[in-house]
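Note sheet for the following structure.
The values are calculated or read from the model by the stated rules, or taken from the named source; none is laboratory data. Every value quoted in this text rests on a predicted model; they were computed, and no experiment measured them. Don't worry about glycine lacking a Cβ; one is built from the backbone with ideal geometry, like all the others, and counts go over all protein chains shown. Only protein heavy atoms, including side chains, enter the accessible area calculation; ligands, DNA and RNA are left aside. Shrake-Rupley method; radii C 1.70, N 1.55, O 1.52, S 1.80 Å.
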Amino acid sequence: MSEAVRFHFTVDGDDFTSAGQASVQVKKNLRTLGIAPEIIRKVSIAMYEGEINMVIHAGGGEADVLIFEDRIEIHLCDNGPGIANIDLAMQEGFSTAPDNIRSLGFGAGMGLPNMKRYSDSITIDSALGKGTKILMTVNLS
Amino acid sequence: MKISQIQELLEAEVICGGNELDKEVSSACGSDMMSDVLAYVKDQAVLLTGLVNPQVVRTAEMMDMVCIVFVRSKAPTEEMITLAEEHGMVLLKTSKRMYEACGKLYAAGLGAKGVTV
């Protein structure tokens with residue numbers, strides 16, 4: 001099946017206050033394309049948590065959103081420290097975020113669980129010292 | 001309940017979105033933890049929080065919320081106000097604390113429907 005639309009974003013890891021800008025833009029773009037509101041919400045929240053995670057843990061990264069006829073894929077790629085124990089990181093409440101991030105309303109250990117909650121499938125490929133690649137898919141049907 | 005009633009009940013100051021006060025809202029939630037808002041909130045129109053940073057507005061935007069009430073007299077920054085205006089969101093500020101502000105709205109009939117755990 002041919003790829004219909006692709007959006008690419010570079011996520012700035014130096015400034016937490018700007019984190020989430022790409023997700024807000026994706027939400028706008030999906031609205032323009034006439035995607036159903038419930039799908040838009042799932043995609044934008046899943047990506048938002050991923051974007052925040054990249055800023056908190058990995059010093060930023062690259063995000064691509066691909067829109068196919070039957071699904072939307074969110075690809076997140078960073079060169080951060082990697083996830084030591086993915087099973088542990090997927091547990092609600094487990095967090096390695098520093099206190100200053102908690103004071104900003106994040107770092108409650110809900111990032112990866114929320115990404116799983118709002119996507120129809122998620123695959124995480126992480127290597128310590130090399131980085132993390134995440135693919136989230138939201139079905140359009 | 002109209003946003004204007006929320007403003008009256010909480011004796012709140014309108015920071016932006018003054019032309020949207022007639023908008024009807026049917027539920028609200030209170031939290032300083034944006035991750036929890038993203039995890040547990042569904043179809044809620046109003047966020048009460050004491051947290052002040054741009055992610056509060058972005059989180060509310062992600063959840064399609066139409067109004068944020070800042071409790072404990074917390075004042076949003078200019079950047080936050082600009083972001084809220086871009087999304088047509090109402091920002092209110094009240095001197096009441098979170099517990100009292102939520103209690104007043106709940107007692108007046110603004111429920112918490114749509115919270116999923």
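Overview of values
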quantity	calculated
Count of the stretch B:2-39 residues which are under 17 Å from B:GLY103 (Cα atoms) and either assigned to a loop (DSSP other than H, G, I, E, B) or among the β-branched types (Val, Ile, Thr) (or both)	9
Criterion violated by B:LYS42 - all others in (1) part of a loop (DSSP other than H, G, I, E, B); (2) more than 21 Å from A:GLU49 (Cα to Cα); (3) more than 13 Å from the chain's Cα centre (by Cα) satisfied	(2)
Candidates B:GLU86, B:GLU78, B:GLU24, B:GLU8 - the one that is under 17 Å from A:GLY20 (Cα atoms) and charged (D, E, K, R)	B:GLU86
Selection from the stretch B:77-100 of residues that are closer than 13 Å to B:ALA12 by Cβ and open to solvent by less than 30 Å² (accessible area, probe 1.4 Å)	B:VAL90, B:LEU91, B:LEU92, B:THR94, B:LYS96
Every pair of residues 6+ apart whose Cβ atoms lie under 6 Å, when the first sits in the stretch B:78-93 and is in contact (Cβ under 8 Å) with a residue 12 or more places away in the chain while the second is aromatic (Phe, Trp, Tyr)	B:LYS93/B:PHE70
Inter-residue pairs, beta-carbon under 6 Å, first within 8 Å of chain A (Cβ to nearest Cβ) and assigned to a strand (DSSP E or B) and in the stretch B:58-74, second among the small types (Gly, Ala, Ser) and open to solvent by 10 Å² or more (accessible area, probe 1.4 Å), 6+ apart	none
Residues of the stretch B:18-41 that turn out to be open to solvent by 20 Å² or more (accessible area, probe 1.4 Å), touching a Lys or Arg at 6+ places or on another chain (Cβ under 9 Å) and farther than 19 Å from A:ARG102 by Cα, as a count	5
Cross-chain or 6+ apart pairs with Cβ under 8 Å, the stretch A:80-92 first and closer than 23 Å to B:VAL37 by Cα, then part of a helix (DSSP H, G or I)	A:ALA89/A:LEU112; A:MET90/A:LEU112; A:MET90/A:PRO113; A:MET90/A:LYS116; A:GLN91/A:PRO113; A:GLU92/A:PRO113; A:GLU92/B:ALA39
Segments classed as strands (runs of 3 or more DSSP E), wholly inside the stretch A:50-141, with at least 3 members that are farther than 25 Å from A:ARG31 by Cβ	A:121-127, A:131-139
Only one of A:ILE52, A:ILE101 that is closer than 17 Å to A:PHE16 by Cβ and either more than 17 Å from the chain's Cα centre (by Cα) or surrounded by fewer than 23 Cβ atoms within 10 Å (Cβ to Cβ) (or both)	A:ILE101
The lone exception for B:GLY109 - which of (1) surrounded by fewer than 21 Cβ atoms within 10 Å (Cβ to Cβ); (2) within 28 Å of A:THR17 (Cβ to Cβ); (3) of a type outside the set (D, E, K, R) it fails	(2)
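Every residue, every condition in (1) away from every other protein chain (no Cβ under 11 Å); (2) among the basic types (Lys, Arg); (3) touching a helix residue (DSSP H, G or I) at 6+ places or on another chain (Cβ under 8 Å), yes or no:
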| site | (1), (2), (3) |
| --- | --- |
| A:ASN79 | yes, no, yes |
| A:THR96 | yes, no, yes |
| A:ARG102 | no, yes, no |
| A:PHE106 | no, no, yes |
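One line per residue, one yes/no per condition, for (1) under 25 Å from B:ALA39 (Cβ atoms); (2) within 11 Å of chain B (Cβ to nearest Cβ); (3) in a strand (DSSP E or B); (4) open to solvent by less than 70 Å² (accessible area, probe 1.4 Å):
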| site | (1), (2), (3), (4) |
| --- | --- |
| A:ARG6 | no, no, yes, no |
| A:VAL11 | yes, no, yes, yes |
| A:THR17 | yes, yes, no, yes |
| A:ALA22 | yes, yes, no, yes |
| A:LYS27 | yes, yes, no, yes |
| A:LEU30 | yes, no, no, yes |
| A:GLY34 | no, no, no, yes |
| A:GLU38 | yes, yes, no, no |
| A:LYS42 | yes, yes, no, yes |
